[in-house]
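Asker: First, the structure itself, so that you have it in front of you.
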Amino acid sequence: MLAAIGLDEREESAYRALVALGAAEVADLAHRLALPEADTERALRRLESHGLAARSSARAGRWVAAPPSVALGALLTRQRHGLEQAERAAAALAREYRAEAAERSAHDLVEVVTGAAAVAHRLRQLQLGATEEVCALVPDGPVTVPERGVAYRVVVEREALTRVAELSAALGHGQPIRVADRLPTRLLLADRALAMVPLTGAEPAALVVHASALLESLTALFEAVWREALPLRLGPEGTVTEEEGPAPDATDLEILSLLLAGLTDASVAKQLDLGLRTVQRRVKGLMELAGVTTRLQLGWHAHARGWVTRA
C-alpha cells in the first residue's frame, strides 16, 4: 500500500513492525520479519532516508519509528507536489503536440507497432492516456477498465456472450456494452484523438492513427456499429442478457411498406386515413429510431432489421 511513496514490500513490512513496537533492536525486528539481520538493517536505512525511522540516541543499535501522521504526511505532500509538476509538464507537452499536429507530414499521422509485447504495451498506453472516453470494438470480450473515471463504450461479438464472468464484471462497474453479430475489425479509440487497429501478417502488428481523415472515418465506423448493436444488461445472479431495442408499431410498418412501394406521403396518408403531418412525423421518428438521416437509408435499414420484407 505504501509503494506509491517509494517503499518496497520489505521496507513497508519493516516500518509497520517498527510502528507496532515503537522501537526495536535490529535482531528483534529481523526475527519478527523472518529476515536476515543484514536485510533488515538495509530496510531500516532506507526508512531512515525517507524520514520514517531513526536510530535511538539513548541506545546503540536500537531503531525508533517516526510518527506516521507526520512522516507519511510529509512524503505524501512531496509526492503530490511531484505529480502536480508532472501534470503541468504533461499539459505543456500536450499543447506543444497539438500546435505541431497541423504541420505533420502524412508519414507522421500513422505509426506501425510490431511484436506482441509492443502492441500490448501501446494499447495499454492509449487506455491509460485517455482522459475522457475510450471506445472499442472487441470481438472476443470486454476491454479491461482502469478505474480512473474515464467513460468506456464497448461492442463485442455475440460469440463473446459465453464469457459471462468478464461481461458481468464490466457491466457491474457501469461499463456500457453492446453486442453485434459480427464486427468489421478490432478497434480502440482514445478520446477521439488516437485510434489503434490491427494489421494482418505473420507477426502481430497494429496501426496507431493520429488526428486525420482516417481517424474520423474510424470514429464514424465505431458510431455506426454502436448504433446498430444491442445493449447488454446485468440480470439477477450475474446473468447477462440482451435488451430488446425499440421497434416500429403496426402503423409504422404499414407506412414503411407503402413508402417502399413508391407511394408519396400524401398518398400514404390518404390510404391509411391519417393526416399528412402524422405520416411525416412517424417517418421522422422511424429515421431517428434507425439512426439514419435519409429515407434511402431508412429503406435499407428496414430491410436489414426485418421490419419489412422484399417483394
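Read-outs: derived from the displayed coordinates by stated rules, not from any lab. Predicted model only: the values in this text are computed from it and were never measured. Every residue, glycine among them, receives a Cβ derived from its backbone with ideal geometry; neighbour counts consider all protein chains shown.
Asker: Show that you can apply the helix-only estimate: for the chain, add -39,500 (n - 2.57) for every DSSP H stretch of four or more residues, divide by all residues, and state [θ] at 222 nm to the nearest 500.
Answerer: Numbers: 11 runs with 151 residues, N = 311.
Helix contribution divided over all residues of the chain: -15500 deg cm²/dmol.
Asker: Give, in nm to one decimal, the length gained when the segment between ALA261 and LEU83 is fully stretched (0.36 nm per residue of separation minus the Cα-Cα distance). Each step should come with its number before you reach the end.
Answerer: On the way: separation 178, 0.36 × 178 = 64.08 nm, distance 6.50 nm.
Working it through step by step, the gained length comes to 57.6 nm.
Asker: Give a residue-ordered list of calculated ³J(HN,Hα) values for segment 266-280 (Karplus: 6.51 cos²θ - 1.76 cosθ + 1.60, θ = phi - 60°; whole Hz; x for Gly, Pro).
Answerer: Coupling constants for segment 266-280: 5, 5, 4, 4, 5, 5, 9, 6, 10, x, 4, 5, 5, 4, 5 Hz.
Asker: With the Cα gyration tensor of the chain giving a ≥ b ≥ c as the square roots of its eigenvalues, does the rule (a/c under 1.5 for rounded; else a/b larger than b/c for prolate; else oblate) give rounded, prolate or oblate?
Answerer: On the way: a/c = 3.26, a/b = 2.54, b/c = 1.29.
Note, shape of the chain comes out prolate.
Asker: Work out the length of the dipole vector of segment 117-207 about its Cα centre, built from +1 on the beta-carbon of each Lys and Arg and -1 on the beta-carbon of each Asp and Glu, and round it to the nearest 20 debye.
Answerer: Numbers: 10 positive and 10 negative charges, 14 e Å.
It works out to roughly 60 debye.
Asker: List the relative contact order of the chain as a percent without decimals, with contacts defined as Cα pairs under 8 Å and 6+ residues apart. Don't skip to the end; give the middle numbers.
Answerer: Values: 385 pairs, mean separation 33.5, N = 311.
So the answer I get is 11 percent.
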